[in-house]
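Reviewing the structure listed below.
Laboratory data are not the source of any read-out in this text; all were calculated from the coordinates shown. Owing to the predicted nature of the structure, the values given are computational and were not obtained by experimental measurement. All Cβ positions, even for glycine, are placed from backbone atoms using ideal geometry, and neighbour counts span all protein chains on display.
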């Protein structure tokens with residue numbers, strides 16, 4: 001099966017946002033064994049949307065559209081597809097009721113235009129929206145499959161994964177399914193990883209070996225086609241064993257979980273708690289940890305000590321360590337250790353981690369952008385500090401600093 | 001003039017990277033007054049690239065391609081375009097010399113395939129690559145303009161801005177440029193905003209009125225065409241005045257800045273500092289604030305009090321307020337006030353904001369997912385608390401809670 005992705009939205013053509021939905025769907029469709037040959041972006045314009053649909057129908061088995069399912073006059077996707085396929089439209093009653101409840105619960109009068117979000121095409125299957133109001137739809141006509149998803153990634157992703165993927169599996173009967181396994185790495189960069197596996201990557205046939213890097217993490221996906229998951233995993237096993245032999249110390253998971261979820265899992269399993277002291281990461285590590293549902297069982301919180309004054313006041317770092325002639329300064333191994341110890345003492349957590357560094361754009365204390373220290377304190381042990389020299393813009397450095405802290409925690413927590 | 005952007009690269013169709021070039025070029029072309037009606041992504045496949053070129057020629061005045069200018073066998077863009085336009089190819093001698101120097105300086109033998117990067121089409125204009133080896137080209141044939149740019153953003157961006165834009169200005173003589181103005185809103189949702197402006201939106205002609213929403217913010221872009229920026233703004237003014245008359249209280253900026261950047265600007269201008277106490281937002285507000293370069297001038301930091309114990313220990317909220325029969329609990333107006341006051345006292349900031357609520361997925365203290373309280377404390381004033389009832393997944397609720405806190409801060413800080 002081959003697919004074409006059509007992203008609808010004038011904001012994409014104006015460059016106000018990037019088409020990250022195209023990337024997400026391409027990746028997920030590839031995981032299903034569906035090849036994407038074209039991605040198209042088109043504005044909120046009925047004529048041009050129709051033109052894109054016509055072209056896609058001429059060359060793709062599956063057309064996935066994102067965007068244009070909202071309540072406004074600009075949201076035309078369902079109308080255009082109905083017209084294109086010569087189908088009528090109807091309301092999806094459960095979505096209408098959900099919407100009525102939603103507004104009633106807020107004591108707000110529902111504007112009539114909101115109802116547009118509950119529209120389906122005659123004979124289409126609804127795709128539930130767990131994180132928003134617009135219902136998605138999927139249908140097959142004349143051998144071509146159509147799927148309409150909302151534009152906001154927060155709505156699109158769960159809808160596609162929880163409802164779109166099962167629907168696609170339903171229409172893909174007869175294709176030999178893909179079986180894949182993901183290995184996730186921490187503490188090693190993408191280039192170093194590829195370098196260590198280059199002979200395997202260049203000689204790959206079955207399973208295929210696809211390295212991925214995103215958001216400070218590195219992963220490898222091993223993929224084959226097999227009638228059953230067991231058969232597929234058996235074919236993957238020898239390559240996985242080879243990779244583990246070379247890089248096993250960096251593998252923290254054999255499925256697609258984040259490093260922060262893994263660290264929280266290890267903490268929960270051992271009944272331990274964690275607190276943080278964040279300087280240059282500015283709350284990002286806490287945000288990443290609290291993004292994981294159930295994190296409150298192991299993550300207590302901590303301090304964001306962006307200023308020296310708060311490093312002193314909230315974590316008890318002496319001002320003499322931070323400022324003045326001969327002081328190691330805020331960005332130093334010593335301050336990382338003091339922060340970790342300080343927050344450990346003040347929170348009664350079992351483990352504490354600190355991050356201090358230079359996120360840029362300008363150097364600080366005469367220290368270069370990208371220099372970061374991570375401190376790790378465990379109750380009853382000597383605290384340790386680690387230096388990281390990285391690069392990139394502010395956002396990248398914050399992320400790498402937070403991921404490095406998680407890597408150091410994972411290293412300490414992982415079962416030996 | 002209207003344009004189509006064709007991004008070439010199988011890695012884009014596999015979802016390994018997002019088409020950020022498409023976003024960048026769309027934005028820059030819009031700034032030049034060039035409408036982009038379509039973006040297309042196509043793999044490293046000569047047949048499908050040709051198909052994309054043919055379609056684009058049928059509907060666009062300008063075709064900008066990115067990617068496929070490198071030295072490998074996969075890099076086909078120049079060959080495909082030469083064949084498509086029936087033109088020969090030649091070497092760009094200065095690029096060849098630059099390449100020879102580049103390899104000589106590194107003491108490396110230049111592989112023959114590298115020369116492919118110096119290829120131009122007969123009769124095309126070279127676009128210099130200041131940050132890489134592949135030369136770009138631009139040409140006009142039968143009234144259609146073509147521009148080929150490299151794929152890596154660090155090469156593509158300077159080439160486009162320094163050489164592509166001047167080339168385009170040269171061929172655009174006579175066109176009336178676009179003038180646009182963005183209004184950014186806080187404290188009002190997308191639907192409510194559109195509802196209040198629906199008559200203007202439906203009757204729009206010149207300027208056009210384009211609403212859009214992303215990441216918890218709502219904006220409107222007003223756009224017209226005019227010979228000068230002054231003339232354009234004069235045509236935009238009456239519509240802007242009308243919108244301000246209806247919704248002025250929600251407009252925090254007339255350019256594309258985030259709410260957090262605006263709040264930090266107001267703090268800096270008044271020489272004030274801010275500290276935070278984050279419960280359900282879990283560090284996200286701090287992360288958003290510290291994403292803004294220079295935030296350390298106004299943002300001191302604060303506490304992430306994810307557990308009740310840390311609300312007590314780090315912000316001094318009495319345990320009796322948090323737990324036990326009759327206690328208001330962690331998610332309450334009273335705790336929001338105590339947190340804001342506590343962090344204000346402990347940090348010596350001028351302003352403090354607190355966020356406590358239920359991010360889900362499960363209710364807490366018998367309170368529903370999406371219930372959030374924001375506390376605001378200003379030195380020397382009575383603290384205030386605000387209730388927000390929102391919805392969505394964990395990530396959305398955290399984001400809306402953080403944006404709501406920023407909105408309440410902005411409301412207090414904005415010049416009257």
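Overview of values
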| quantity | calculated |
| --- | --- |
| Percent of beta bridges antiparallel (DSSP, the range A:259-413, rounded to nearest 5) | 60 |
| Shielding score for B:36-46, defined as the mean number of other chain Cβ atoms within 10 Å | 6 |
| Hull-based mean projected area of the range B:89-210, where the convex hull spans the alpha carbons, in square nanometres | 12.6 |
| Chain lengthening between residue B:83 and residue B:242 when straightened (0.36 nm per residue, less Cα-Cα) | 51.8 nm |
| Cα-based Rg of chain B normalised by 2.2 N^0.38 Å, two decimals | 1.26 |
| Span from the the range A:83-135 Cα centroid across to the the range B:51-89 one, whole angstrom | 43 |
| Inter-chain Cβ neighbour average for residues B:206-216, partner chain, 10 Å | 3 |
| Ascending count of other beta-carbon atoms within 10 Å, so fewest first, for A:41, A:331, A:369 | A:369, A:331, A:41 |
| Cα Rg over Rh - the range A:297-376, Kirkwood | 0.98 |
| Debye equation applied to the C-alpha atoms of the range B:162-266, log10 I(q)/I(0) at 0.10 Å⁻¹ | -0.34 |
| Computed FRET value (nearest 0.05) for residue A:46 with residue B:165, which takes r as the C-beta separation and R₀ as 45 Å | 0.90 |
| Computed lengthening from residue B:122 to residue B:2, 0.36 nm per intervening residue step minus Cα-Cα distance | 40.7 nm |
| Relative contact order, percent, chain B [alpha-carbon distance under 8 Å, six or more residues apart] | 10 |
| Label geometry 7 Å along the beta-carbon vector: residue B:384 inter-copy distances in nm | 5.1 |
| Point-to-point label distance, residue A:73-residue B:395, nm (Cα→Cβ direction, 7 Å offset) | 3.2 |
| Residues A:84, A:160 arranged by fewest to most Cβ contacts within 10 Å | A:84, A:160 |
| Two-site FRET efficiency, residue B:131 against residue A:173, from Cβ-Cβ distance with R₀ of 60 Å, rounded to 0.05 | 0.75 |
| Kirkwood Rh, angstrom, the range B:2-171 [1 / mean 1/r, Cα pairs] | 16.0 |
| Mean separation of Cα contacts under 8 Å, 6 or more apart, over the residue count of the range B:309-416: relative contact order % | 21 |
| Residue-averaged beta-carbon neighbours from other chains (10 angstrom radius) around A:284-294 | 6 |
| Residue order, fewest to most beta carbons within 10 Å, for B:313, A:106 | A:106, B:313 |
| Alpha carbon Rg of the range B:182-241, scaled by the compact-globule rule 2.2 N^0.38 Å | 1.16 |
| Compactness of the protein assembly as shown as Cα Rg over 2.2 N^0.38 Å, two decimals | 0.98 |
| Size of the range A:259-413 as Cα extents on the principal axes (Å, biggest first) | 45, 31, 22 |
| For chain A, built as a Gaussian network whose Cα springs stay under 10 Å, the top-fluctuating residue of A:63, A:201, A:17 | A:17 |
| Listed residues B:278, B:320, B:260, most fluctuating in chain B (Gaussian network, C-alpha, under 10 Å) | B:320 |
| Rounded to 5, percent antiparallel among DSSP beta bridges of the protein assembly as shown | 65 |
| CD proxy at 222 nm, helix term only [per DSSP H run n ≥ 4: -39500 (n - 2.57); per residue of chain B; nearest 500] | -12000 deg cm²/dmol |
| Between 0 and 90°, nearest 10: helix A:394-413 axis offset from chain A longest Cα axis | 70 |
| Euclidean distance between Cα centres, the range A:321-392 to the range B:338-382, Å | 28 |
| Rounded to 10°, Cα long-axis angle of helix B:190-203 versus longest principal axis of chain B | 50 |
| Using a 7 Å Cα-to-Cβ projection, residue B:103 label spacings across copies, nm, ascending | 6.8 |
| Pseudo-label separations to other copies for residue A:35 - Cα-to-Cβ vector, 7 Å, nm | 3.6 |
| DSSP bridge pairs, the range A:2-171: antiparallel proportion in percent, nearest 5 | 40 |
| Prolate/oblate/rounded call for the range B:1-85, Cα gyration tensor, a/c under 1.5 rounded | oblate |
| Residue A:106 versus residue A:230: modelled label distance in nm, points set 7 Å from Cα along the beta carbon direction | 5.1 |
